[in-house]
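Q: Would you mind keeping the following structure in view while I ask a few things?
No lab work stands behind these numbers, since they all come straight from the coordinates. Quantities reported herein were computed from a predicted structural model and do not represent experimental measurements. Counting neighbours? That spans all protein chains shown, and the Cβs are built from the backbone with ideal geometry, glycine included.
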Amino acid sequence: MPLHLTTQNISGSNVPSASYSLTAQTLLGSVESASYADVAQTLLGSVESASYADTAVSASYALTGEGGSGTSGTSGTSGINGTSGTSGTSGTTGAPGYSQGAIYYLHDALSDLVGYEKLLTTPGSGDTDEDNATINSGTGEVLIDQYATEPGVPGFAAIPGGTISFLTYRYVSSEVGDSRLVIRVSATGSNGEYPLFVVSGSEVNDTTPTLETITIVVPETPLSGSDDRMIVRYYGKTTSVVDKTMYLLYEGTQYYSRIVTTFGVPSGTSGTSGTTGTSGTSGTSGGTGSSGTSGISGSSGTSGINGTSGTSGVNGTSGTSGINGTSGTSGISGTSGTTGTSGTSGLNGISTGSLGGIFFTPAAAVSSSVWRAPYDCTIKNLRGYRVGGTGATINAQNAGADIRSADLSIASADTWTDGGALQNTSVTAGNNIKIEVASVAGSPTQITIQVDYTKP
């Protein structure tokens with residue numbers, strides 16, 4: 001902050017346009033050779049019928065001079081302002097919120113549909129619940145649990161096209177074999193139940209609760225009636241010969257498995273705000289300056305001569321006012337305190353996600369755009385999964401450029417194939433992500449392509 005020097009204007013002297021000096025001679029002329037009657041005659045006219053006493057009583061007139069006022073004293077200097085306190089540090093920035101469409105939460109309560117638990121659009125208030133199923137290589141897919149939406153939900157004649165993400169907390173009792181979570185989605189209404197789509201997760205080797213996110217792209221899908229309800233079933237499967245257990249967790253405040261859809265308002269919850277820094281201490285106030293001394297008073301003017309009785313004489317003009325004293329200089333303002341340094345912002349967390357799609361019974365090369373990136377992110381992996389047939393090759397494109405230099409071969413059926421080293425992995429907001437089946441062999445019934453990414 002710069003210094004400010006404040007001064008007070010010095011008032012000009014109150015000087016009349018003409019000096020004043022009025023005596024009895026100005027009004028009456030010389031009275032040295034005039035009798036008192038002559039003086040009275042000059043002021044009143046004839047005084048033959050008035051005695052000197054009457055004249056003195058009838059008029060009380062005096063010319064009074066007025067002396068000039070003294071100069072005013074100088075003002076005292078102002079005190080120096082105290083320094084300002086330092087500012088407090090800023091609070092840390094909250095973690096970013098998750099933004100998507102309407103969310104369906106798994107809930108541990110019986111649905112009105114017999115054999116199902118509920119799938120709610122708001123979180124339940126219960127504690128964490130855990131369901132499980134015993135699986136081995138001979139059991140195939142084993143049902144862990146199944147859920148149904150409330151009557152009239154989602155309330156559409158068709159499921160809107162877009163992405164659906166399954167955020168599921170799961171784990172297994174051992175790492176033996178290739179174990180996976182399979183999710184089958186169907187609809188049911190007055191015309192009965194009918195399938196919509198099925199997704200399979202990545203290999204599960206976690207032996208403690210871990211969140212898995214599976215994102216798929218679905219086209220607009222007509223329903224048989226606008227009052228049809230959604231059915232979601234969770235299965236476990238493994239290649240392990242020995243028995244093992246797959247667990248599904250939901251509800252509570254930590255392991256709330258859910259499904260994020262394109263059915264509703266795209267508004268996620270915001271991250272919590274950082275705490276506010278403490279305020280700096282205030283500076284001390286400067287001392288007050290001493291007052292200036294008062295100016296000297298001017299001398300009084302001489303008194304005028306008392307007139308005789310009759311009409312009053314003309315008032316004399318006022319004496320000149322004394323010159324005002326100069327004002328004292330203002331004190332110098334104190335320097336402002338330095339501003340405190342701002343606190344460092346908290347680091348944003350890294351979000352992970354997956355996207356992709358399923359090609360059913362592809363007979364030749366085929367591709368589809370599955371995502372327009374809403375933000376900058378980085379592609380981390382390409383995975384493929386084949387059901388049936390004898391072979392297939394796949395790839396994916398970021399803004400028209402292949403993310404793998406050579407197409408990925410899916411040599412083994414019913415297992416996920418990792419894409420390994422990638423290229424063109426930097427995704428800018430607005431980029432189009434496309435998945436493609438480059439070739440097929442032996443008539444596969446289903447080819448799933450999944451692209452994993454991180455943000456930022």
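Q: Between beta-carbons, use under 10 Å as the cut-off and find the net charge around Ser190, counting Lys and Arg +1, Asp and Glu -1.
A: -2
Q: Sticking with this one: Once you keep just the Cα pairs under 8 angstrom separated by 6 or more residues, what percentage relative contact order results for region 351-455?
A: Numbers: 303 pairs, mean separation 51.3, N = 105.
Taking the mean separation of contacting Cα pairs over the length of region 351-455, I get 49 percent.
Q: Also, I was wondering about something else. Straight-line reach from Lys237: which lysines have Cα under 28 Å away, leaving out those fewer than 8 places along the same chain?
A: Once the sequence-local lysines are set aside, what remains near Lys237 is Lys118, Lys380.
Q: Right, something else. What net charge is computed for the residues neighbouring Gly391, neighbours being all others with C-beta under 14 Å from the C-beta of Gly391, Lys and Arg scored +1, Asp and Glu -1? All intermediate terms of the calculation are to be shown ahead of the outcome.
A: On the way: positive: Arg386; negative: Asp407, Asp414.
For residues surrounding Gly391, the net value is -1.
Q: Using 0.36 nm per residue of separation minus the Cα-Cα distance, give me the extension gain between Glu130 and Thr445 in nm, one decimal.
A: This chain segment gains 110.1 nm when fully extended.
Q: Taking R0 as 45 Å, what FRET efficiency do you get between Ser137 and Asp227 from their Cβ-Cβ distance, rounded to the nearest 0.05?
A: Approximately 0.65, to the nearest 0.05.
Q: So, one more: For region 103-260, what is the relative contact order in percent, using Cα pairs closer than 8 Å and at least 6 residues apart in sequence? Numbers along the way, then the final one.
A: Numbers: 442 pairs, mean separation 61.7, N = 158.
Result for region 103-260 is 39 percent.
Q: Suppose the chain between Ser412 and Ala429 were pulled fully straight at 0.36 nm per residue; how much longer would it get relative to their current alpha carbon spacing?
A: Stretched out fully, the Ser412 to Ala429 stretch lengthens by 2.7 nm.
Q: Sorted from fewest to most neighbouring beta carbons within 10 Å, what does the list Thr253, Thr448 look like?
A: Thr253, Thr448
Q: Still on this model: List the aspartates and glutamates whose alpha-carbon lies under 14 Å from that of Lys455, not counting same-chain residues fewer than 8 positions away?
A: Within the straight-line limit of under 14 Å, Lys455 reaches these aspartates and glutamates: Asp376.
Q: Can you give the net charge of the other residues whose Cβ lies under 15 Å from the Cβ of Lys434, counting K and R as +1 and D and E as -1?
A: Working: positive: Arg372, Arg404; negative: Asp402, Asp407, Glu436.
With Lys, Arg at +1 and Asp, Glu at -1, the neighbours total -1.
Q: To continue, here is another question. Dividing the convex hull volume of the Cα atoms of region 351-455 by its residue count, what figure in Å³ per residue is obtained?
A: Taking only Cα atoms, region 351-455 has a hull volume of 79 Å³ per residue.
Q: In addition: Looking only at region 194-210, which residues have a backbone nitrogen under 20 Å from a spot 7 Å from the Cα of Ala102 in the C-beta direction?
A: It comes to 194-198, nothing else.
Q: Let me ask something else about it. Per the Debye formula with a single identical scatterer at each Cα and no solvent contribution, what log10 I(q)/I(0) holds for region 103-260 at q = 0.11, 0.13 Å⁻¹?
A: Each listed q corresponds, in turn, to -0.43, -0.60.
Q: So what is Rg over Rh here for region 135-221, counting just Cα atoms and using Kirkwood for Rh?
A: 1.01
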